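Report on the following structure.
The values are calculated or read from the model by the stated rules, or taken from the named source; none is laboratory data. As the structure is a prediction and not an experimental result, all values here were calculated from the model. Neighbour counts run over all protein chains shown; Cβ positions are idealised from the backbone, glycine included. Just the protein is used for accessible areas: all its heavy atoms, side chains included, with ligands, DNA and RNA removed. Shrake-Rupley method; radii C 1.70, N 1.55, O 1.52, S 1.80 Å.
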Amino acid sequence: MKRHWFHLMLAAGLLVAGPVAGQKTANTSVVPRLVRFSGTAADARGNPAAGAPGIQFALYTEDTGGAPLWMETQVVQAGAGGHYTVLLGATKPEGLPVELFASGQAHWLGVTVGGQAEQPRVLLVSAPYALKAADAETIGGLPPSAFVLATPPVPATTAVSTAKPEAAQDVSPDTACAKITSDGTATANQVAKFSAACTAEPSAIFESGGLVGIGTTTPAATLDVKGTALLRSTLTMNAKGAATGAAGANSNPLDLLAASFSSSNSTSISQHFRWQAEAAGNDTANPAGTLNLLYAPGSGTPAETGLAVNSKGCSRSARARHFQAWGPSPA
C-alpha cells in the first residue's frame with residue numbers, strides 16, 4: 001500500500017467542520033482553512049516558557065532563507081514543559097489563504113517565540129494540502145451546478161446509444177478492505193501500523209502531547225529515540241536564523257554529555273560539551289565562521305572553551321592550544 005513518510009517536529013491536521021448554516025456564497029467549501037500545530041515554547045536559554053508568550057508563525061517554500069509566503073502572530077498559553085497547540089489561520093476570519101496550497105508545493109513552517117531567533121523550520125505533512133481539494137471541487141471558483149449544458153433536441157431518426165463507457169482501469173496498488181482487523185491489542189498514544197493487507201497492529205511509535213517517541217512510551221522531547229539510530233543522509237544543524245548587519249546567526253548545537261561521580265557530594269555530575277558553528281566577520285567584505293567547542297559542568301549553560309576551528313583548520317586563539325581533553329583551560 002502507499003507509504004506515508006513520517007515528518008519530524010510536526011503534528012499537523014485539518015479540523016473537520018461544516019459550512020455555517022444559512023451562509024450563501026458562490027463557493028461554499030466544507031474544508032476549513034485551519035491547520036492544527038503543536039510545539040514547544042522555550043526562552044533564549046532553552047528553558048520551557050511558561051504563561052502566554054507571543055509566537056509568530058510563518059510559511060516558506062524552503063527550509064532555510066527566503067521571504068515568508070504568509071505569517072501571523074498569536075498569543076499562546078503554554079502548558080507544562082512549554083507545550084502548546086494552536087490553529088494556524090485562526091487570527092483571520094477566512095483562515096489560511098487557499099492559494100497557498102494551490103501549487104502543491106512543499107511548505108515549511110517557521111516559529112519565532114517572543115522575538116527570539118526563528119526556530120528550525122519544520123515541513124508540513126500532507127494533511128493541509130486537502131485545502132486544495134476545496135478548490136478542485138469548483139470551476140473557476142464556481143460550483144459545477146452553476147454550469148448547465150444546453151442539450152440540443154435529438155432528431156427522431158437518431159438512435160440514442162445505451163452502451164456504457166468502458167470502465168476506467170484501477171491503477172492503485174492498494175488492497176480494498178471490507179473491514180480492518182487487528183491483533184486484538186491497543187495502547188493509548190501508540191501509532192498503529194499495517195502488518196498485512198487490512199490487518200493493523202501496534203507499532204514502536206508513540207505520540208503524546210506533541211512529543212514523538214520511538215521505542216519509548218514516555219517521550220521527553222519532540223523526537224525521543226530509544227535505541228540505535230542509523231542516518232543514511234546528512235545530519236544538518238541549521239542556523240538559528242538569518243544573519244543581519246547587526247549580528248550573525250550561530251548554528252543549532254550538537255550536545256554530548258558524560259557523567260562523572262563526585263566524591264565531595266556523592267552524586268553524579270553531568271559533563272556537558274557542545275559543538276556549534278559560529279558566525280565570524282559579520283557585516284564585512286569577507287564574512288566567515290568557526291566551529292567552536294563549549295563546556296559546562298552540571299546543569300550550567302555551556303560556555304566557550306577557546307577551542308575553535310576556522311575554514312583553514314586553525315585554532316582562533318592561543319588559549320585553544322592549551323585545551324586538554326579532560327576540560328577547558330583556566331580563564
Separation of the Phe194 and Ala247 label points, Cα + 7 Å toward Cβ, nm: 4.9 nm
Solvent-accessible area of Ser311 with every protein chain in place, 1.4 Å probe, in Å² to the nearest 10: 110 Å²
In the full protein assembly as shown, how much of Ile214 is accessible to a 1.4 Å probe, in Å² to the nearest 10? 70 Å²
Kindly report, to the nearest 10 Å², the accessible surface of Leu87 as traced by a 1.4 Å probe over protein heavy atoms only. 50 Å²
